[in-house]
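Contents: one structure, followed by commentary.
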Amino acid sequence: MTPTALNRAVQTRHHLVSARVENKAGVLLRVAGLFSRRGYNIISLAVAPTDDERFSRISIVVAVESNLLQQVIDQLDKLVNVVEISELDPGEANTAELLLVTVNAGIDTDAGLRGLAEATGAVVVEKTETQTMLRLVAEPALLDDFEQRLRSYQISELQRTGAVALPKLGGTS
Amino acid sequence: MVIRARWGQTAHKGEARGAMKLTGAQALIKSLEREGVEVVFGLPGGAILPVYDPIIDSSIRHILVRHEQGAGHAAEGYAQVTGRPGVAIVTSGPGATNIVTALADAYMDSVPIVVITGQVATSSIGTDAFQEVDTTGITASVTKHNWLVTDANDIARVVAEAFHVATTGRPGPVLIDFPKDVANATIDYVEPTVLDLPGYHPAGEPTPDEVTAAYALLRDARRPVLYVGGGVLKANAAHELARLVELTGIPVVTTLMARGAFPDSHELHLGMPGMHGNFAAVTALQHSDLLVSLGARFDDRVTGRVEDFATGARVIHVDIDRAELGKVRRADVPIAADCRLAISAMNAHLERAPLAPGPERIGEWLSRCKDWKTRFPYTYDGAGDRAPGGIGRIKPQFVVEELRRLTPRDTILVSGVGQHQMWAAQHWGFEEPRSWVNSGGLGTMGFAVPAALGAKVGHPEKMVWAVDGDGCFQMTAQELVTATAEQIPIKVAILNNAYLGMVRQWQHMFYEQRYSEVYLSADLPDYVLWAEAMGCVGIRVTDPKDVAAAIERANGINDRPVVIDFRTDAMEQVFPMVPSGASNDEILVHPSQADQPR
């Protein structure tokens, strides 16, 4: 199994939970607390206000068995600050994540890196002769692939935002 | 903008009336008065000082406890017997941390209490100021919700929200953290008309489909049991439950949290299920083909090993908390609804379409249940003998039975946690709702004395007895000083077996009688002297023949608390018992019943 395929296999056990919450102090603590008390590690977490400033949307990716996840979702739903919560099925949601990476290679001198950027649609944010900072927005699995392919270069720093998602158009919700 | 408002109506933001200049602290006290609060339990300190000044001018009675944990448990006791929220006020830092145990206790047992904690000034929060802790952070996981008030203009609304959240849906504790500068700020006090709780939607009535589905299972079941939990008491649904039993003829078990929801004397009451429940209740659940769970949560102390629990049963699960449905046991008919409304709806359906009479429909099952109940009653060596124990030892169960025999029917019984709690739950004989107060979920030793105090404040006209253990008593006995000072004449029966008895029982049964750190001594402390020092009447009873006289003497004392030090048989064990992690089928009965066929 290639590293990429392995990554994808792990990915299938990941669940994306999306919650609309009140935009108030302490909400994140309460939400995170229901995962941490069970010893579940949150894989990624993205929080930002929605179009209505009274509310924020929290997108959580967590690796957990489905029946246990439902229990956590039910208990999250009980939180006074949580307005709506659901698990987004990857097949019924559009998912995106942003990755920023600095590699120790100049994109003008390294044809391979240039090719990778062009093939994936990664944008050059900043460059020097010896370093390149790239940005890629894509589905998390594509970012995983991109990250793997970058490993043949020396990665100086890498940061991902965590997945965000919205239901697909024409879906049941 | 329309927002969900109190009592389910909607209200429009901007409605406001009656503006007046108040400090934040005055606004808080005024808001409590507006909620109908008559009594608060508390202990002042630096950060909460501003709140204590307007208390002098308030109609609210303040009861000065000797430890903040006592304030919390007293508020719980008050809430459990009255059905109204209990209120406690404490200071920041250690005041707040001392009440965390009571919050956790109330959270586990769904008791509505409102705790107000002082906090350092907003400008000092996060600086490790004197007596600063992150109170909302610490208590987030043991409250239904909490609030840090950073603007005095929010106080009235937050208090209204806090009482609403504590008392609606599944009740529970809430906490308001109140910084000192916010308490000192001057504001235009405006009565709140709108609650800002967009994410709070407590369940209400069942749907007609749910009721129909439940009815079909009730109709077709041949070995049904009503598995009644504390939610029935919380929903004030005892009357509806009695009607459901009339309409269906189905036998009932009441959990530790539901004792009193259905009369123990009723022939269809099989008793309490669980680790120390009686054989008939435990066994009927195991053999049932339909569990009608009403406000119960399939606690591990009830189910035993979950995979082996009532394996042949379908489940109707009524709970106001949706998260309980399917949490432990999958329900065939899950109903997220208030127990009173749900049972009423089932009753209405049953009245329209009556079932065949119980003896006809489920007669064989009723005979089996009755047989278990008859052959395996709670028992102990010397049971039934008015002066048992030729060896001169007082049996703890006998004390509980004598207390029941010699006290008014509406007496409120409070207990701590351990063997004495189980004997109280088993042998008292509960007939009325809200007559039993104990710490079920958290198992908080030291609960009894302060909770009894709170119960007596809630119902001063009723006799309140605490049955306590000697270990428990030592944890919170100082609240008897409060009881004496505030003239709250509770009565405490210490079942003094000189041991942390339940731990000792486990070491006896599961650790080859290697008794590790469980011996306490019957004489140290001297409970009579200690009681007298706290302004109580202290009585010691060492002989079974003196038990009744001591209880009668205590019953006659109404100007101060009474403590009776009953020197009980230290070797006594609680039976039946389902060993931890075992199947309920492996229930251990009293040795005298061990040869009975099951």
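Apply 1/(1 + (r/R0)^6) to the Cβ-Cβ distance of residue A:65 and residue A:148, taking R0 = 35 Å, and write down the FRET efficiency to the nearest 0.05.
Details: r = 27 Å, r/R0 = 0.76.
Working from the Cβ atoms, E equals 0.85.
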Residue B:432-residue B:348 FRET efficiency (beta carbon distance; Förster radius 30 Å; 0.05 resolution): 0.75
Quick check on chain A: helices-only [θ] at 222 nm, where DSSP H runs of length 4 and up contribute -39,500 (n - 2.57) each and the sum goes over total residues. Nearest 500, please. -9000 deg cm²/dmol
Inter-centroid distance (Cα atoms) of segment B:258-336 relative to segment B:19-35, Å: 45
Kirkwood estimate for the protein assembly as shown, i.e. one over the average of 1/r between Cα atoms, Å: 28.9
Average partner coverage of A:68-80, which counts Cβ from other chains inside 10 Å: 4
Distance in nm between label sites at residue B:582 and residue A:38, each 7 Å beyond Cα in the beta-carbon direction? 3.1
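How would you classify chain B from its alpha-carbon gyration tensor, with a ≥ b ≥ c the square roots of the eigenvalues: rounded for a/c under 1.5, else prolate if a/b is greater than b/c, otherwise oblate? Don't jump to the answer; show the numbers that get you there.
Numbers: a/c = 2.06, a/b = 1.22, b/c = 1.70.
The shape class here is oblate.
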Sorting check: for A:72-82, B:306-316, B:291-301, which peptide has the highest mean count of neighbouring beta carbons within 10 Å, and how do the rest follow? B:291-301, A:72-82, B:306-316
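Given a cut-off of under 8 Å on Cα pairs at least six residues apart, what relative contact order in percent is computed for chain B? The partial results should precede the final answer.
On the way: 1371 pairs, mean separation 82.7, N = 598.
Dividing the mean separation by the residue count of chain B yields 14 percent.
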Is there a pair in B:144/B:373; B:21/B:234; B:462/B:545; B:180/B:491; A:78/B:491 whose C-alpha atoms are over 32 Å apart, and which pairs would that be? B:144/B:373; B:21/B:234; B:180/B:491; A:78/B:491
Ranked A:69, A:134, criterion: other C-beta atoms within 10 Å, fewest first: A:69, A:134
For the residues B:30, B:180, what sequence is obtained by ranking on other C-beta atoms within 10 Å, fewest first? B:30, B:180
Using the beta-carbon distance between residue B:222 and residue B:506 and R0 = 45 Å, what value does 1/(1 + (r/R0)^6) give for FRET efficiency, to the nearest 0.05? 0.75
Which stretch or stretches of segment B:520-560 have amide N atoms under 20 Å from the point lying 7 Å from residue B:64's Cα along the Cα→Cβ direction? B:533-536, B:560
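Counting only C-alpha contacts under 8 Å and six or more residues apart, can you give the relative contact order of segment B:265-374 as a whole percent? Numbers along the way, then the final one.
Values: 130 pairs, mean separation 24.4, N = 110.
The value is 22 percent.
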Segment B:477-593 - charge dipole about Cα centre, Lys and Arg +1 at Cβ, Asp and Glu -1, debye rounded to 20: 120
Set of segment A:47-79 residues, backbone N closer than 18 Å to the point 7 Å along the Cα-Cβ line of residue A:13: A:61-72
Listed peptides B:184-195, A:153-164 by packing density, highest first (mean Cβ within 10 Å): B:184-195, A:153-164
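Any idea what the relative contact order of segment B:2-189 is, in percent, if you count C-alpha pairs under 8 Å spaced at least 6 apart?
Once normalised by length, the contact order is 27 percent.
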If you find the alpha carbon centre of segment A:78-150 and of segment B:79-150, how far apart are they in angstrom? 44
Report the label-to-label distance for residue A:100 and residue B:212 in nanometres (one decimal), using points 7 Å from each Cα along the Cα→Cβ vector. 5.8
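Determine the sum of side-chain charges near residue B:431: Lys and Arg each +1, Asp and Glu each -1, restricted to other residues whose C-beta is under 15 angstrom from that of residue B:431. Could the numbers behind the result be given before it?
Values: positive: B:259, B:404, B:405, B:409, B:434, B:462; negative: B:264, B:267, B:401, B:410, B:432.
Taking every other residue near residue B:431 into account, the sum is +1.
Quick check for me: using +1 on Lys/Arg Cβ and -1 on Asp/Glu Cβ, what's the dipole size of segment B:396-574 about its Cα centre, in debye to the nearest 20? Before the final figure, lay out the partial values.
Values: 14 positive and 22 negative charges, 52 e Å.
Magnitude of the dipole: close to 260 debye.
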Can you list the residues of segment B:137-156 with backbone N under 17 Å from a point 7 Å past the Cα of residue A:53, pointing along Cα to Cβ? none
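Every read-out reported here was derived from the displayed coordinates using simple, explicitly stated rules and does not represent laboratory data. Keep in mind it's a predicted model, so treat the numbers as computed, not measured. Using ideal geometry, Cβ is built from the backbone for each residue, glycine included, and neighbour counts are taken over all protein chains shown.
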